[in-house]
């Protein structure tokens, strides 16, 4: 669970025009302006969200940069309440006339509907546990810094006769919210990401990392890993579909298990669309599986408050294979006689809440040990285009991608053509044999989570593709 | 020209704050005043664009184009008889794309002042110069004329000018109709409306204003019974049908008429037979065939994918350049076009000009079964021997770079009447409304499942089937097509949620399709226990 110790990326300090987020006091002032304007419009209660984002992304393909973008924007989102009705209107224009128009639009929307019997008064002041995820080195990264790192990664591919494509992004964002009952919350963070796909015709492989602190990213190491695995993936042979022992790297575990997150929402269970419906408190998964939602985990990111400003709490969702708890918004908590856990989405919405900071418990087997312990199986780099086939048994379909390898007698012996899988996540979490320590994983289908690599028996591959 | 407008612009800015702030969605001033505001607004937008292009040029850009976009959206949903989401949003800003030192740079801003725009343009040029540090050749653009034009998509009823109560009342009534059916455990409805104004200006002299109005709606009923979740949706799953139309689209879909049937089918699916696992004859109705076209034709023909520009995220394509005019993509009755023109219909891929300032076109993709064309842009057209872009560069918003996207990629109608097609099928399965979709990153192997299916025996629909699915290899599947229904059964379906690019952009695409038949297809794989 440790981040890489070596610092490979440092900003040059040559950024031509440093992009800075507005100071928190400005956001607070903006929120106060909206609350003042709303008072004169007949809104009984008002809530304001202000979100600012400054992001840049350098994209490369065919061993060179082909797209290179930057954005900076701020939105003000206003929810008003009138006579037991609520609605939201959002704008990115900050003059008082526009803000007043947006308040009026929100009220007009609110008045157009019947009363909402589940609507609660807005919460008052809250106390938040502070988290620090804003790293000035990341915020200061310039396009030239990203271009140089990309150049080195592409040069490696050229040297090896390969073709590299990927991204190097960095940015900063902040969110602040306040309401007419005195609540105020603010949070800011930085983010950086490097992802590379290296192609050695007809094969390809991939590596990706993501961090609040760009100094912990090592693009060249990722480029080397993708390059080596792409070379190993050439000459893939076709195997018959069927049930296989698989070793899923963390990115594969993340993209698959990420589809479980909404099942732990109390509203999803109430709506009878969760796979946990009629299964809470039962031994659903294997004993090795424990899962929490924990925004304060050192490898997690995100604000310590939810869409209504309620402090996020750590929630134990699965304890040794038994789904124990759900997460609750204020409304779903009231409906079920529970306490809100700080996982609600901004109102109004029909989805309620969800855990967004999942942390799986891990084991103590390294990926290498898992391979060494396997007589015959498949090592999976990542999965692709995962979609839900059966919402209750949680059968997911998708493809392997960018490096599928045959493991025989404890070592990787060759590459295999990509498979389609149709696999129940419930069954999969019963069939976990070994786990690595949990790491911060990043993929393309799910948001970042803390997950281990997993060795899983009887994973169901149903068909094979052409490469 | 600019000098003459300077005084009016300053007065307008003083009056309206940051670029005509009185242009509010719900605050319609008298028509005369609106016309004045509109004229001033147009003037201001072009001034801002010119300012950006001038700055870019002075900083060393050899080419630049600018998009100012104003996006308005309204979202309404209900769940189990209660209002769910009720929200409206607007966003206005500018994106600037430049070529400097032979490489691209893009920057965007919501600060629509002279200073904000100039700073953004300067940033775009600096980014382009940084790109040149790791370029593999200079960007060359296919020639394109300059256009000065204004276009508005046709609509009869502006959904933003209609009472919200009317829209919500329809959704709540449809929701109530579905809840009357025993066994239904969750009901959901939704409407979405968008109005998008864009002002495009290029250093080549183009000045193009476009306004698009987009509407969409859908309903769905879910039933949980005995450890099984079944769902039916209308007119399509995942948000329903969407088109470049006004509220008249919503009215034409007759949600109230279909709500009881949708709910009854959701409940009835529990007692339906399981879709068998076999190789057999498959008939797809238009809404599922639209998604099949999207995934197995629309994405593989994107030239940026073919050229490896999307290799890290969306993937590449099996349609390598040597396949053009050589590959037998489909059976000889299959004809597919990419058509952004209004003549093709009011789809999510319909426009007058793309976001690179290229007029809408119709491109043959598959002609009599043969692979004939890609989706290209000004940068890639020459690689497939074209003198000009096929006009498919599109952007989600002002803060995103235009990239190659599908327009309306449609299967042209065939000759069959739907009833004749069923009567002509001895043993087959008819599948309706997508439930899941997945395809590999080179677009060979796919698997789809649908909400419902019907077994066809001796030319008749005989019984309902649950958990239907089918899979295959793209070219084998399309070569097995032996019947396509005629224009009477053809609908231009809208896919509002196509994701592509980094950072991710969501785009609406259109797919015209009529029910069609495919032979010897692998059926039932998604639920196979083998």
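Within segment A:100-113, being more than 7 Å from every other protein chain (Cβ to nearest Cβ) and either in contact with a strand residue (DSSP E or B) (Cβ under 9 Å, 6 or more places away or on another chain) or outside any helix (DSSP H, G or I) (or both) holds for A:102, A:103, A:106, A:107, A:110, A:111. Across segment A:330-344, which residue is nearest to residue A:77 (Cα to Cα) among those that are crowded, with 22+ Cβ neighbours inside 10 Å and in contact with a helix residue (DSSP H, G or I) (Cβ under 7 Å, 6 or more places away or on another chain)? Ranking the qualifying residues of segment A:330-344, first place goes to A:344. Checking each residue in segment B:359-385 for being part of a helix (DSSP H, G or I) and crowded, with 17+ Cβ neighbours inside 10 Å picks out only B:381.
Exactly one residue out of B:389, B:449, B:438 is assigned to a strand (DSSP E or B), in contact with a helix residue (DSSP H, G or I) (Cβ under 6 Å, 6 or more places away or on another chain) and buried (at least 19 other Cβ atoms within 10 Å of the Cβ): that is B:449.
Is at least one residue of segment A:345-353 surrounded by fewer than 21 Cβ atoms within 10 Å (Cβ to Cβ), in a strand (DSSP E or B) and either in contact (Cβ under 8 Å) with a residue 40 or more places away in the chain or over 24 Å from the mean Cα position of the chain (by Cα) (or both)? Checked against the condition, which is being surrounded by fewer than 21 Cβ atoms within 10 Å (Cβ to Cβ), in a strand (DSSP E or B) and either in contact (Cβ under 8 Å) with a residue 40 or more places away in the chain or over 24 Å from the mean Cα position of the chain (by Cα) (or both), segment A:345-353 yields no hits at all. Can you pull out every residue in segment B:182-198 that is more than 11 Å from chain A (Cβ to nearest Cβ), over 30 Å from residue B:64 (Cα atoms), in contact with a helix residue (DSSP H, G or I) (Cβ under 9 Å, 6 or more places away or on another chain) and surrounded by 13 or more Cβ atoms within 10 Å (Cβ to Cβ)? Within segment B:182-198, B:183, B:191, B:193 qualify. Within segment A:221-243, being in a strand (DSSP E or B) and crowded, with 22+ Cβ neighbours inside 10 Å holds for no residue. Residue count for segment B:503-530 satisfying the condition of being over 29 Å from residue B:277 (Cα atoms), surrounded by fewer than 22 Cβ atoms within 10 Å (Cβ to Cβ) and in contact with a strand residue (DSSP E or B) (Cβ under 9 Å, 6 or more places away or on another chain): 4. When every residue of segment B:275-297 is checked against the conditions, at least one turns out to be assigned to a loop (DSSP other than H, G, I, E, B), more than 14 Å from chain A (Cβ to nearest Cβ) and within 24 Å of residue B:429 (Cα to Cα).
Do the conditions hold for residue A:22, that is, is it at pLDDT 95 or above, within 13 Å of another protein chain (Cβ to nearest Cβ) and assigned to a loop (DSSP other than H, G, I, E, B)? Judged against the criteria, residue A:22 is a match. Screening A:436, A:462, A:366, A:361 for residues that are within 16 Å of residue A:242 (Cα to Cα) and at pLDDT 95 or above leaves exactly one candidate, A:462. Reported count of residues in segment B:78-100, each being farther than 24 Å from residue B:356 by Cβ, surrounded by fewer than 24 Cβ atoms within 10 Å (Cβ to Cβ) and at the interface with chain A (Cβ under 7 Å from one of its Cβ atoms), is 7. Among all positions in segment B:164-181, there is at least one residue which is surrounded by 17 or more Cβ atoms within 10 Å (Cβ to Cβ), outside any helix (DSSP H, G or I) and either away from chain A (no Cβ under 11 Å) or modelled with pLDDT of 95 or more (or both).
With the structure loaded, tell me whether residue B:56 is crowded, with 20+ Cβ neighbours inside 10 Å, away from every other protein chain (no Cβ under 13 Å) and in a helix (DSSP H, G or I) or whether it fails that test. Here the answer is yes, as residue B:56 does meet what is asked.
Among the residues of segment B:298-313 satisfying the criterion of being closer than 26 Å to residue B:521 by Cβ and part of a helix (DSSP H, G or I), which is farthest from the chain's Cα centre (by Cα)? Of everything passing the filter in segment B:298-313, B:305 is farthest from the chain's Cα centre (by Cα). Within segment A:240-255, the set of residues being within 13 Å of chain B (Cβ to nearest Cβ) and closer than 21 Å to residue A:321 by Cα comprises just one member, A:255.
Just one of the listed residues (A:79, A:28) is away from chain B (no Cβ under 14 Å) and modelled with pLDDT of 95 or more, and it is A:28.
I need the full set of residues from segment A:417-458 which are buried (at least 23 other Cβ atoms within 10 Å of the Cβ), within 17 Å of residue A:378 (Cα to Cα) and within 14 Å of another protein chain (Cβ to nearest Cβ), in order please. Passing the criteria: A:418, A:419, A:420, A:421, A:422, A:423.
So if I check each of B:454, B:493, which one is within 30 Å of residue B:89 (Cβ to Cβ) and either more than 14 Å from chain A (Cβ to nearest Cβ) or assigned to a strand (DSSP E or B) (or both)? Being within 30 Å of residue B:89 (Cβ to Cβ) and either more than 14 Å from chain A (Cβ to nearest Cβ) or assigned to a strand (DSSP E or B) (or both) holds for just one of B:454, B:493, which is B:493. Within the set A:198, A:175, A:190, the sole residue that is away from chain B (no Cβ under 14 Å), buried (at least 24 other Cβ atoms within 10 Å of the Cβ) and touching a strand residue (DSSP E or B) at 6+ places or on another chain (Cβ under 9 Å) turns out to be A:190. Touching a helix residue (DSSP H, G or I) at 6+ places or on another chain (Cβ under 8 Å) and closer than 30 Å to residue A:370 by Cα: does that describe residue A:286? Against the criterion (touching a helix residue (DSSP H, G or I) at 6+ places or on another chain (Cβ under 8 Å) and closer than 30 Å to residue A:370 by Cα), residue A:286 qualifies. Within segment A:63-76, can one find any residue that is within 30 Å of residue A:117 (Cα to Cα), within 12 Å of another protein chain (Cβ to nearest Cβ) and part of a strand (DSSP E or B)? Yes, some residue in segment A:63-76 is within 30 Å of residue A:117 (Cα to Cα), within 12 Å of another protein chain (Cβ to nearest Cβ) and part of a strand (DSSP E or B).
Confirm whether residue A:466 is more than 19 Å from residue A:225 (Cβ to Cβ), surrounded by fewer than 21 Cβ atoms within 10 Å (Cβ to Cβ) and within 12 Å of chain B (Cβ to nearest Cβ). Yes, satisfied.
Taking the criterion of being within 23 Å of residue A:212 (Cβ to Cβ), assigned to a strand (DSSP E or B) and within 14 Å of chain B (Cβ to nearest Cβ), the residues of segment A:149-172 that qualify are A:166, A:167, A:168, A:169, A:170, A:171. The residue that is surrounded by the fewest Cβ atoms within 10 Å (Cβ to Cβ), among those in segment A:399-413 that are at positive phi and in contact with a helix residue (DSSP H, G or I) (Cβ under 9 Å, 6 or more places away or on another chain), is A:410.
The values are calculated or read from the model by the stated rules, or taken from the named source; none is laboratory data. Note that this is a predicted model, so its numbers are computed, not measured. Here the Cβ is made from the backbone with ideal geometry for all residues, glycine too, and neighbour counts use every protein chain on show.
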